Structure formats: C-alpha cells, structure tokens
Amino acid sequence: MLKINRRTNVPRIRQDKTAGCVERGELLNGGNLFAIHERNTTIARMIVLETERLIFSRLDPDRDSEFILGLVNGPSFLRYIGDKGVRTLADARRYITDGPLKSYETNGYGLYKVELKSNLTPIGMCGLIKRDTLPDADIGFAFLEEYWGAGYAYESAAAVMSYAREKLGIKRVVAITTPDNVASGKLLNKIGLKFDRLIQLTADSPEVKLFTPDCDEASEKDGHGY
Ligand SMILES: CC(C)(COP(=O)(O)OP(=O)(O)OC[C@H]1O[C@@H](n2cnc3c(N)ncnc32)[C@H](O)[C@@H]1OP(=O)(O)O)[C@@H](O)C(=O)NCCC(=O)NCCS
C-alpha cells in the first residue's frame, strides 16, 4: 500500500509541480480511502494498490463515467474486447455500476481505474473478472492508445497478478483474448500466462484464446505462445 510519512502520518505521493495537481494525500477510513487534495477540491477514492508509476482505485460512477465513455469506445477496445453499447454518460454510469461495482461487492475484486501517479491522469483499467462460465478469475486490461508503448500495461498486469496471489489469496488467474489480439498475448506471456487452448465461453459465442499459468510445451514449441 501507500508509503506513510511516519512523522506526519500522511502518505507520501509524488508531487508533480508542472502539473500542479496533487498537493497532499491522507488515508481515511482505516486506510482504504485516500483523499487527494488538489488546488480547490478534495477527492476521495478507494486506492487498491500502487506501483512505481501508477495508482489503482475503484471505479466510481460519479467521477469516472466520462473516462469510461472514452475508453470503451476506443478503436482497440471495440475491436479486441467488444462493443459494450456505452454511448452516453448515463450508459457509462450503468456500465460501472453493473460491472466493476457489482464485482467489488460480489467478489471483493473487479476492474480498477489506473492513473498516472504523477498527475492523476486516468490512462486505463486493469483488474480481475469472475465470469460464470470460467472456473478461474481472469485478468483484464485496456489502456488509452496514447499511453501504449510505455510499459504501463505490463506494470499494471504484473501488479494485479501479485495482488491476486498475495492479497486476495487467488492461486490461479487465467486470461482470455480474441485469437488475433497479439499485443495482449505478448503481455500475458510476460506475466507468466501461456496460450493453453481455444475455448467458447458460451455455446453460441466465438472461440477465444485461453491463457493459463500451466506450462504448455506444445504451444511454445510451435511458436504459437501468444
Ligand atoms: C494490450 C495493451 C494493454 C498493451 O499495451 P502496451 O502499452 O503495448 O503494453 P506494455 O505495457 O507491455 O508495453 C510494452 C511496450 O512498451 C515498451 N516500454 C517502454 N517503456 C517500458 C517500460 N518502462 N517497461 C516495460 N516496457 C516498456 C516496451 O518495449 C514495449 O514495446 P514493444 O511492444 O514495441 O516491444 C494494449 O494494446 C490495449 O489496451 N489493447 C486494447 C485492449 C485489449 O486488447 N485488452 C485485452 C483484452 S483481453
């Protein structure tokens, strides 16, 4: 979790003087709720974990609908994840409430908003999903295209895998992608998941690639690891 300054009892969060954004942070509510004081406002958010460059927090329909509206309508999201039918801010609110929020309540985890620690810009989401049709939780991620190629997705996915194992006690996390999603396959390989087999989530849905932590020598030998 966040590093606390022992003297002031205030978490240390890097200040970005250029962006002039974050002035001070403090832990509320026994540690999960983090208040970030900006110039004129105080923002409270449920911080789940942090990495060197990123902060992960629970998605909030009041604050994050606009960001989600943009993210889920990006070309890569539509192509590789699918059309969630989110066209308005009201749709985005519903998406957050019926998806991530419901999952936090039901499973204790879900997809989280990922922000740059330096200036609190939201850049994507990453987290865990529990589907009725898969026995294991699967890792999910999507980032705005302008933030690709900087290692943020890898940093996020690696952190979520550790969080699943160490904080949630989940021993086995898998992943699914469309067969043509090469970028995600590469990333999944880097966090220790290998292409296992093609599966259908429901009888009438298209085949997707299942990535698992089980070693699959055949797919590696074939050079079709992702
Ligand atoms: C999958 C996705 C998240 C990958 O994003 P990404 O930014 O390419 O992934 P990474 O964070 O692993 O970044 C890797 C790249 O950053 C580069 N990089 C730069 N700085 C880096 C750093 N500090 N650490 C690691 N990599 C770094 C790497 O060299 C690599 O570049 P390369 O691909 O040219 O070799 C992105 O393509 C995406 O959002 N796709 C749409 C949604 C989607 O498909 N989701 C998955 C559904 S299952």
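Nothing in this text is a laboratory measurement; each read-out follows from the coordinates by a stated rule. Remember, it's a predicted structure, so these values are computed and weren't measured experimentally. In this analysis, Cβ positions are derived from the backbone assuming ideal geometry, glycine residues included, and neighbour counts consider all displayed protein chains.
Sort 199-207, 61-69, 152-160 for me by packing, meaning the mean count of neighbouring Cβ atoms within 10 Å per residue, highest on top.
Descending packing order for the listed peptides: 152-160, 61-69, 199-207.
Provide the descending list of Cα extents for region 90-211 along its principal axes, expressed in whole angstroms.
If we take the Cα atoms of region 90-211, the spans are 43, 31, 31 Å.
Please label the shape of region 67-119 as rounded, prolate or oblate, based on the square roots a ≥ b ≥ c of the eigenvalues of the alpha-carbon gyration tensor (a/c under 1.5 means rounded; beyond that, a/b larger than b/c means prolate, else oblate).
Oblate, since a/c reaches 1.5 and b/c is not below a/b.
So who's got an amide H within less than 5 Å of the one on VAL48, skipping anything under 5 residues away but keeping other chains? H placed 1.01 Å off N, in plane.
Placed amide hydrogens put PHE56, SER57, ARG58 under 5 Å from VAL48.
Given the Cα-Cα distance of ASN119 and LEU89 and 0.36 nm per residue of separation, how much length would full extension add, in nm?
Gain on stretching ASN119 to LEU89: 8.4 nm.
State, to one decimal in nm, how far the label point of THR202 lies from the label point of GLU155, with both points 7 Å from Cα in the Cβ direction.
Here the answer is 3.8 nm between the modelled labels.
Sorting LYS130, LYS194 on the 10 Å Cβ count, fewest up front, what's the list?
Least to most surrounded, the residues fall as LYS130, LYS194.
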